[in-house]
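To start, the structure itself, in structure tokens.
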Amino acid sequence: MTWVTSLKQLLTGQPARTGGPAQTCWPGLVEHYRPWLPVGGSTPIITLLEGNTPLLRAPALEKRIGRGVRVFLKVDGLNPTGSFKDRGMTMAISKAKEAGATAVICASTGNTSAAAAAYARRGGLRAFAVIPDGYVAKGKLAQALLYGADVLAIQGNFDQALAITQDLAERYPVILVNSINPYRLQGQKTAAFEVVDALGDAPDWLCIPMGNAGNISAYWMGFQEYRKAGLSRKLPLMCGFQASGSAPLVLGSPVANPATIATAIRIGNPANWGKALEVRQESGGRFASVSDGDILAAYQVLATEEGVFCEPASAASVAGMLKHATAIPTEAQVVCVLTGNGLKDPTTALENNQANLYRDLAPEVDVVAQVMGL
Ligand code: F0G
């Protein structure tokens, strides 16, 4: 008898229920939101039980902003392959399999390739990923390789990789699973459903990093569908943030040589450009850029004050919120989307946070105690 069992028995006289299956298991986002998604009875659902990620209150950020503003983090780095891409990939791979495909291809700054590889392999499909050589975080490349994708690293950037994959998908029997694939956005819109399901309504602001601008378009679709169905009363103001060296949507024209520490959003010519502009206009939202310095500062605040380790691109949402904090209405609810897990990019974490690392210490308690300041 465990102590929990005995304590419960003591307090209630009833035997405690221990072990056994949980009463309701999360079935993955396609099953959970099936009526909202374009799947039929014969669609083979390829799932790793993605979705249902935490919406975490962020007290340290609230304190910085003040005025009763409530801040929540949508921690989508807790998906099976560590990013929001899993939401879209369960749909894209399920539909590719339903259509009889045997291979998929994507261009990627890393996360799409990891998700495509995992879901494709699980579904018995081949996966190809075209990536910008040298600009994909280590963890993401490791994932794609281990899941079993063929990784084609080009001496070029993401925009060139995407052009190549689009061409390949037109000429050969491989299905493109970038966010131009409409099933991707269908899956990703479920993140907005989860936010509304958790808050009971849409937030006032949604802050999100933008690369290809697929995710901001997917969130907006989700918020609009729930609003139309009467499941929320309002729509959020959509705030999309880009890194300042890679901010075509802010500048209003493509960037030939995008540059940022946030390699996930190192994109100069977003595929969903038109959709993103519609989102901004329809929601009355704003697009703005944040510097790499702003991104790193937010990345560190999230880790050291909230206990949340996201990747640099994800921290752009929080950097943007903090930069525009004075424009947030008093007592508003703000959701910042944290798109990817910090573990994917150990290099950035290590290179920018050496201050608390004490090396070359003699293996003696007095030496360690002295460094500890005891
Ligand atoms: N955050 C992360 C961690 C990403 O990996 C991406 C995109 C974005 C934000 C931007 O999302 O493109 O929908 O606006 N990563 C893609 C990839 C490009 O290949 O993994 P978006």
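Considering only residues in the range 306-321 that are part of a loop (DSSP other than H, G, I, E, B) and touching a strand residue (DSSP E or B) at 6+ places or on another chain (Cβ under 8 Å), the one that is nearest to ARG286 (Cα to Cα) turns out to be GLU311. Taken as a whole, the condition of being surrounded by fewer than 22 Cβ atoms within 10 Å (Cβ to Cβ) and of a type in the set (Ser, Thr, Tyr) applies to TYR135. Those residues that are in a loop (DSSP other than H, G, I, E, B), more than 16 Å from the ligand (Cβ to nearest atom) and out of contact with any Pro (no Cβ under 8 Å at 6 or more places or on another chain), I need them from the range 48-68; list them, please. Within the range 48-68, GLY51, ASN52, PRO54, ALA58, GLY66, ARG67, GLY68 meet the criteria. The helices (runs of 4 or more DSSP H) located wholly in the range 162-263 that include 3 or more residues which are away from the ligand (no atom under 13 Å from the Cβ) occupy 182-188, 190-199, 214-228. Taking the range 115-131 as the range and being within 16 Å of the ligand (Cβ to nearest atom) and touching a strand residue (DSSP E or B) at 6+ places or on another chain (Cβ under 7 Å) as the test, the residues that pass are ALA115, ALA116, ALA117, ALA120, ALA127, PHE128, ALA129, VAL130, ILE131.
Residues of the range 74-127 that are outside any helix (DSSP H, G or I) and of a type in the set (S, T, N, Q): ASN79, THR81, SER83, THR102, SER108, THR109.
Close Cβ contacts (under 6 Å, 6 or more residues apart or on different chains) running from residues in the range 213-237 that are within 14 Å of ARG184 (Cα to Cα) and of a type outside the set (Val, Ile, Thr) to residues that are more than 16 Å from the ligand (Cβ to nearest atom) and modelled with pLDDT of 95 or more comprise GLY222/PHE193.
The values are calculated or read from the model by the stated rules, or taken from the named source; none is laboratory data. A quick note: this is a predicted structure, and the numbers were derived from the prediction, not measured. Heads up, the Cβs are rebuilt from the backbone with ideal geometry, glycines too, and the neighbour counts pull from every protein chain shown.
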